[in-house]
Structure formats: structure tokens, C-alpha cells
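Asker: Here it is: the structure, laid out below.
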Amino acid sequence: MCGIVGAIADRDVVPVLIEGLKRLEYRGYDSAGIAVVDANAGDVRRVRRTGRVAEMEAAAQAEHFASRLGIGHTRWATHGGVTEGNAHPHVSHGELALVHNGIIENHDEQRDRLRKLGYAFESQTDTEVIAHLIHYYRAQGNSLLAALQHAVKELRGAYAIAVIDKRDPDRMVAARMGCPLLVGLGEGENFVASDVSAIVSSTRRVIFLEEGDTAELTRDGVKVFDANGAEIQRDVHVSDVSLASLELGPYRHFMQKEIHEQPRAVADTIEAVMDNRGFSASLFGADADAVMRDVEAVQILACGTSYYAGLVARYWIESIVGIPCAVDIASEYRYRDVVANPKQLVVTISQSGETLDTMEALKYAKSLGHERTLSICNVPESAIPRASRLVYYTRAGAEIGVASTKAFTTQLVALFTLTCTLAKLRGKLDGDIEQSHLEGLRQLPGSVQHALNLEPQIVAWAEKFASKQHALFLGRGMHYPIALEGALKLKEISYIHAEAYPAGELKHGPLALVDSDMPVVVIAPNDMLLEKVKSNIQEVRARGGEMFVFADADSHFGESEQVHVIRTPRHVGVLSPIVHAIPVQLLAYHAALARGTDVDKPRNLAKSVTVE
Ligand code: M6R
């Protein structure tokens, strides 16, 4: 969703801001803008555009924007429509400019108060309130930092803020509560950003601001203050985000690149297990043994694709560990009366580590007394792992495409590692079985690569899907979540309406939809449910439906005019959902390509969903 970048340097920062905003584009946005302090003219200059950063960049170039201090923003509209007037930065009295991520809940109340104080509003946003509030405290004689610190005390809600002021061209200030914000440390220059990718070409040394922190940046230094306004030293981290992971390289889309990166991503994620020569609690954190040893149940909380990863894990945990596992959509869990069990391990799954619903569900679980919390996450130091006692980082690398792909398969690897670890702690994983699961993991990158090699056959199928309006996905057991994931991928990037059902449920309703215009995708690995799935397929066939079956090489599926089969590699046992995720990703990608949609930035969607 929204993104922030800011820079104070001894060079022109406009290219830094533009490059940073381009790197934040993947998060999803509908307008962009920058504001700079023009020291020569003693002015704040601003350019904003709806649409792409490139359009705003062209306008900034046409107006010869250049400065040593500036802030930039990509906005995903919440309060107020997608208009230039609502785009950030917002300016108060032509003096100070501000960018903001998050939502201010008491904006109406503050707007009324500021109107009475003589402030006029130009936008429908909650953000403009913050700009005027800081201006108001400035007018009382406060420094820029003190004015910010006064203002944030009066805000309710979530914010990451960066502010510049033409009366103070050697300073930028920033604040964070509920939304991520980091400070980048350069040589004679410093930066703020909501995401390290925005500044990684300038510096890798970063300080992650904590809840309630404010910061003051000059060219020569950075000071951080805690929620009480006391100066504090925060740890400096060196980011390992690779520039290559942020570039397209030879690929046409990030989604395509990320699908093809999966053998590497899976191999990197299992590396810690292989180095450890087995499953152990220490993979999840220093006190994981104490946290996990007497766990009686698992509660998984997540959204979207991450939720589907959780649904697969339920099958693994209940069958391999033998303890109950509940999986909840985070936005539902947070508003229901939950019967808490302190011996439950609460596992949040999130690629970004920023998803607001997942974060709030975690906070709710903690408020109920759940102390055993584990985050499975792809972004180091993001909010959800920081709020969790245990962490397992997937090592998928930066995922830029809105449609999650390599994050999903690596989440599954992490969840399988969790399953085996819990089983081992409970004496349910004898040496031979552990060795066979380790071997399965070791072979997994190769099996994923074999599934990727099916791409040419899948392209041919995708062309048939391109003209369809609807599609049905079927799976059974631990492959039902893969059907759900396949339907989600198809709908989010190709805009074809797709639904997923457990194949056995077909005759209880959805069969009524089946005709020759409704392609039916079937995930049919060679497991104990294969014969059941074959019967379900006959039900579709008898109603004239056209079927597209992903089967294992040894499934003995007959093909006909109505039944098309692509054979994925040999069956890989319990890890089969990971391999079967690949063809449904490829099908969605190529169907979207054939329909000419914006694959990496599908309409109305954002990569990180940081609002409710
Ligand atoms: O970052 P998270 O894993 O918490 O994100 C959760 C969902 O928003 C995400 O998986 C979404 O469903 C993807 N666009 C699916 O491709």
C-alpha cells in the first residue's frame, strides 16, 4: 500500500526520491508525489500526479525539480478519492510538507479543532490534519522536532510520517506508530523509508524505528527519541536485500521471475534445517524448546495465500504431530470470541510481516493470554515477527509481484519444518522417518524445477482459459488448499472468476454450474484420495464439463476430448502440495498474459495490506 521515502544529502535528492518511489511501486498505489525544500528560493515545491510514478517523474523533470532535502510518497487511497489534491505530500501554509502512511482515526475531531484555529483544508484526507497540526505547534515557537512530538501525542490511529519545513532546510523529522518506518544511514546523507528496498541503492545500514519513536535527521547525523521523547540508541542493522531481487532481469514480469526463483527460494529456506542436520526447536529461536515442548494445539492466523499455506499445514500437523490445529482468517479471528488455551502455539504467517489484520489478530491472541507466538515471515525485522516470541524466516528473497508465489512455497517449507519439529519434540518422529522427511526436503528444489519444466504445456491450456469468464478448481485433502490457491491466483491477476471446492463437495451444489463453458481444474496427485477424485471427475464429465487435470506421472489418468491431463513429476508424498502449487501459478500467469492484464499490479490490489 502507501510508501514513503525521504532524503537529506549534499547532492540532488530528487533522483533518490524517484528511484525510491519506483522501488515502492510493487506495494500498490494510485498516486504519487514528492516535495522538496528549494533552499535558493526559500520555498517548498511539490509535484503530485495520479497514476504511475513515471508520470510524476516527467512532471518533476519538466519543472526542473532539484534539492538537497525532500520527501516522496506513493498513495493507495483510503480517505478521499484518487485525485491529485488527495495525493501526498500535503503542505501546510506553504511552509511544511508531510507524507504519511496509515490511518488517523480522530481526524474529524482534529479537523474541527484546526478549522476553528483558522486552518483551511484542501483535501479529503486524514493526512492533511497532521500537516496543519504540526504547523500549529511550529507557530507556537517549537522546533520542527518538538512540533512533531506534540502533534503525534494528539493522534489516534496508525502512522509513519516524514516532514520537511522550508524554514529549516537542514533537517527532516519522522515518527512511527503502527506502520513501519526506518532510517537509512549514509555518509554525509541520511534517509527515511517505509521499506528498505526504497533506499538500498544509497545505503544498507538501517535503524528500524520502534512504536512511538520520533527521529531527527540532518546530513551529518540521526537522533532517535522514544515515545517519552528521551533520546535513545537503536540497533543498526545491515540489510541483506539484494539489488538483483529488486530488478526484473531477463523476465517480463516479477511474477514470472518469482515463479522461476522457487527452486532457489526453497533450497535457501531449507538450508538452516540441512545445516542443522535435522529438525530442532533451536531453528525457531533461543527459547523455542521451552515454548514448544508441551504445546497441546496449534492456532494458525493469516490472510490470503498465507492462510492457504496454513490450511495445508493443518493436514500435516494433525496427521504427523497428532495435535489439533485450527486455521483462521486473521480478519475473522480478531473479531470473534475465542476460547483461549495458553498451551496453544499461535502461528502467524505473513510474507510481508505488515498485514494489519494478521498483526491485529496476533495482538488479540496475546491479549487473551497467548504467550506462545511464532511468526513465519519473509521480511526480516518487520512488524509481525517483532511482535512474536519465536520467528522462522522464509528465505524467498524480495517478492515484488502482488500475486504471492515463492512466498507461498517457502511458507509451506517452513510449516513442514515446524510440523516435524513439533513431532520430534513429542516423540512422534523416529530417526528413520526424520531421515526420510529430510531427504524429501533435500529433493524438493529438484521436484519444483521439474514442475516448472511443464510450462510449455501449461501455456497451451492457458490460451483456452483466456476467453472464459469462470473457472472451477477442485482438490481433496491437503490439495484442496492448492485448489483454493489456484483459484485465488487466477482471479487476482486474470480477473477470471474462479472458485475452489473440495472435489467431494461438488455434488452438493457447484455441479449445477458445470457446462462446456466452465473449465474445471483438478489437482489429482497420486495419494490415497486419487480414486475418489477420479469418481468426482466422472460427475463433471457426465455433465459436459471440460477438465484440466494436474496428475502425477504414475496416476494412470486416461485422456479424452473432454479430459486434458498434465503429468507433474513423480509423487513426492506429504510434500506434494508444494510441487502442485507450481502448475496452478503458471496457469494463472499465462492466462493473465493472454488476457493482457497488468500481471504484477492487478487492479484494486496492493502487495502489503496495511489497512483494515
Ligand atoms: O503479506 P501477507 O502474506 O500477510 O499477505 C497476505 C495476503 O494479502 C496475500 O497473500 C494476498 O492474498 C496475495 N495477493 C495473494 O497472491
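The values are calculated or read from the model by the stated rules, or taken from the named source; none is laboratory data. Worth saying up front: this structure is predicted, and the values here are computed from it rather than measured. Because the Cβ atoms are built from the backbone with ideal geometry, glycine has one as well, and the counts that use them run over all protein chains shown. Accessible surface is based on the protein model in full, side chains and every heavy atom, while ligands, DNA and RNA are left aside. Shrake-Rupley method; radii C 1.70, N 1.55, O 1.52, S 1.80 Å.
Asker: At 7 Å along Cα-to-Cβ for each site, give me the label-to-label distance between H64 and K363 in nm.
Answerer: A separation of 4.8 nm, rounded to one decimal place.
Asker: Here's a follow-up. From the residues L114, G70, V91, which one has its Cα farthest along the dipole of segment 63-129 in the positive direction, the dipole being from +1 and -1 charges on Cβ of Lys/Arg and Asp/Glu about the Cα centre?
Answerer: Ranked along the dipole, the leading option is G70.
Asker: Can I ask one more? Beta carbons within 10 angstrom, averaged per residue: use that to sort the peptides 279-287, 262-270, highest first.
Answerer: 262-270, 279-287
Asker: While we're here: How much length is gained if the chain between A54 and A290 is pulled fully straight, taking 0.36 nm per residue apart and subtracting their Cα-Cα distance, in nm to one decimal?
Answerer: Contour length minus the Cα-Cα distance gives 79.8 nm.
Asker: Report the local net charge at R234: Lys and Arg +1, Asp and Glu -1, summed over other residues whose C-beta lies under 15 Å from its C-beta.
Answerer: Summing Lys/Arg as +1 and Asp/Glu as -1 gives -4.
Asker: Rounded, prolate or oblate, given the Cα gyration tensor of segment 492-612, with a/c below 1.5 counting as rounded?
Answerer: Verdict is prolate for segment 492-612.
Asker: Over the C-alpha atoms of segment 157-270, what are the Rg and the largest Cα-to-Cα span, Dmax, in Å?
Answerer: Computed over the Cα atoms of segment 157-270, radius of gyration and Dmax are 17.0, 53 Å.
Asker: Could you tell me which of Y393, P250, A487 has its Cα farthest along the dipole of the chain towards the positive end, charges placed at Cβ (Lys, Arg +1; Asp, Glu -1), taken about the Cα centre?
Answerer: My answer, from the dipole projection, is A487.
Asker: If the only charges are +1 at each Lys and Arg Cβ and -1 at each Asp and Glu Cβ, what is the size of the charge dipole of the chain around the Cα centre, to the nearest 20 debye?
Answerer: 320
Asker: Can you grab the distance from the C-alpha centre of segment 41-56 to the C-alpha centre of segment 189-211, Å, no decimals?
Answerer: Result: 22 Å between the Cα centres.
Asker: Ok, one more. With the cut-off at 1.5 for a/c, could you classify segment 139-189 from its C-alpha gyration tensor as rounded, prolate or oblate?
Answerer: Oblate is the answer for segment 139-189, as a/c is 1.5 or above yet b/c matches or exceeds a/b.
Asker: What is the antiparallel percent of DSSP beta bridges lying wholly in the chain, to the nearest 5?
Answerer: Among the beta bridges of the chain, antiparallel pairing accounts for roughly 60 percent.
Asker: Additional query: Regarding segment 522-575, what whole-number volume in Å³ per residue does the convex hull of its Cα atoms give?
Answerer: 65
Asker: Sequence-distant or interchain residues sharing an amide H contact under 5 Å with F473, placed H: which?
Answerer: Those qualifying (amide H under 5 Å, at least 5 residues apart or on another chain) are E499, A500, Y501, V521.
Asker: Follow-up question, since we're still on this one. Report the gain in length on full extension from Q562 to M274: 0.36 nm times residue separation, minus Cα-Cα distance, nm rounded to one decimal.
Answerer: 99.3 nm
Asker: Calculate how steeply helix 356-367 sits against the longest principal axis of the alpha-carbon atoms of the chain, using the helix alpha-carbon long axis, and give the answer as 0 to 90 degrees to the nearest 10.
Answerer: 90
Asker: Still on this structure, please answer the following. Using only the alpha-carbon atoms, how far is helix 406-425 inclined from the longest principal axis of the chain? Give it as 0 to 90 degrees, nearest 10.
Answerer: For 406-425 against the chain, the angle is about 70 degrees.
Asker: Quick check of the Kirkwood formula: for segment 306-418, what is the inverse mean of 1/r over all pairs of different Cα atoms, in Å?
Answerer: When all Cα pairs of segment 306-418 are included, the Kirkwood radius is 14.1 Å.
Asker: OK, next. Return the calculated 222 nm mean residue ellipticity for the chain, to the nearest 500 deg cm²/dmol, obtained by summing -39500 (n - 2.57) across DSSP H runs with n ≥ 4 and dividing by the residue count.
Answerer: Rounded to the nearest 500, the figure is -11000 deg cm²/dmol.
Asker: Once each part is reduced to its C-alpha centroid, what is the distance from segment 591-605 to segment 446-494 in angstrom?
Answerer: With segment 591-605 and segment 446-494 each reduced to a Cα centre, they are spaced 15 Å.
Asker: Another question, if that's okay. List, in the order given, every pair from K153/K363; K406/K607; K489/K601; K366/K424 whose Cα-Cα distance in the structure shown is over 19 Å.
Answerer: Flagged as over cut-off: K153/K363; K366/K424.
Asker: Kindly report the accessible area of the chain per residue (heavy atoms of protein chains, probe 1.4 Å, no ligands, DNA or RNA), in Å².
Answerer: Per residue, the chain has 37 Å² of solvent-accessible surface.
Asker: Using a 1.4 angstrom probe with every protein chain in place, what is the largest-first accessible-area order of D275, D168?
Answerer: D275, D168
Asker: Now for a separate question. Please say if the chain is rounded, prolate or oblate, where rounded means a/c under 1.5 for a ≥ b ≥ c the square roots of the C-alpha gyration tensor eigenvalues, and otherwise the choice is prolate for a/b larger than b/c and oblate otherwise?
Answerer: Here the chain falls in the prolate category.
Asker: Between helix 530-541 and the chain, what is the angle of the helix's C-alpha long axis to the longest principal axis, kept within 0 to 90° and rounded to the nearest 10?
Answerer: 80
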